[in-house]
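Beneath this line is the structure, given in structure tokens, with notes to follow.
The values are calculated or read from the model by the stated rules, or taken from the named source; none is laboratory data. Predicted model only: the values in this text are computed from it and were never measured. Virtual Cβ from ideal backbone geometry, glycine too; neighbours counted across all protein chains shown.
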Amino acid sequence: MQLKKTLHRLAGREDGSSMIEVAIVFPFLLLLFAGTAELGRLFYTYTTLAKATKVGARYLSTSRDATSSDATKVAAAKLAAQSLVVCGYTNCDGQTPVVAGLTTANVDIPPIIVQSPTVKYWKVKIKNYNYQSAVFNLATRTGSSSSTFYYALTPGTTMRYMP
């Protein structure tokens with residue numbers, strides 16, 4: 001009879017039930033938190049790249065060298081704009097890029113868009129930049145490069161030339 005009472009009393013206790021609920025819910029909360037942080041990093045990177053293209057387009061839209069008849073001056077202005085997009089300076093020697101992995105090869109500046117003799121536009125666009133996830137990057141955990149997930153980010157800005 002004593003054993004039956006003891007078993008009945010132990011079966012009715014709820015001391016560890018909240019710990020079991022935490023153990024069940026915690027992985028989902030952790031995944032939700034990590035996903036939110038990763039989404040924040042993705043938006044931050046895209047916004048930074050978009051702002052960088054605006055800086056490059058603004059530089060070209062106000063530079064007299066950008067529409068010069070001298071091809072070397074135009075090339076120098078484009079190179080300076082690419083450097084502004086990548087690192088924030090007109091010369092990127094020794095400077096860190098605004099976003100990890102960004103190089104001048106990722107910055108596309110096509111020829112000036114002429115709509116009329118007085119209306120011209122410069123376009124600056126990021127191409128071939130792959131955002132790699134830090135939290136959900138399986139390659140770092142498995143040692144395999146084939147399991148890397150990435151998102152191609154291609155922000156761009158078109159700005160009117162205003163000499």
Matching option when the condition is surrounded by 14 or more Cβ atoms within 10 Å (Cβ to Cβ) and of a type in the set (S, T, N, Q), among 63, 18, 69:
63
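Listed here are the residues, each with its yes/no results for (1) in a helix (DSSP H, G or I); (2) touching a residue at least 12 places away in the same chain (Cβ under 8 Å).
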{"position": "50", "(1), (2)": "yes, yes"}
{"position": "94", "(1), (2)": "no, no"}
{"position": "98", "(1), (2)": "no, yes"}
{"position": "105", "(1), (2)": "yes, yes"}
Of the conditions (1) surrounded by 12 or more Cβ atoms within 10 Å (Cβ to Cβ); (2) over 21 Å from residue 126 (Cα atoms), residue 26 clears all except one; give me its number.
(1)
Can you find a residue in region 11-24 that is without any contact (Cβ under 8 Å) to a residue 24 or more places away in the chain and in contact with a Lys or Arg (Cβ under 8 Å, 6 or more places away or on another chain)?
no
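I need a count of the residues in region 97-106 that are surrounded by 12 or more Cβ atoms within 10 Å (Cβ to Cβ) and in contact with a strand residue (DSSP E or B) (Cβ under 8 Å, 6 or more places away or on another chain).
Narrowing region 97-106 to residues surrounded by 12 or more Cβ atoms within 10 Å (Cβ to Cβ): 97-99, 102-104, 106.
Right, trim to in contact with a strand residue (DSSP E or B) (Cβ under 8 Å, 6 or more places away or on another chain) and you get 99, 102, 106.
The number of residues fulfilling the criteria is 3.
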How many residues does region 107-152 contain that are part of a loop (DSSP other than H, G, I, E, B), exposed (fewer than 13 other Cβ atoms within 10 Å of the Cβ) and modelled with pLDDT of 75 or more?
9
Out of curiosity, is residue 94 surrounded by fewer than 21 Cβ atoms within 10 Å (Cβ to Cβ) and at pLDDT 90 or above?
no
Filter region 72-91 down to the residues that are surrounded by fewer than 16 Cβ atoms within 10 Å (Cβ to Cβ), in a helix (DSSP H, G or I) and in contact with a helix residue (DSSP H, G or I) (Cβ under 6 Å, 6 or more places away or on another chain) and list them by number.
73
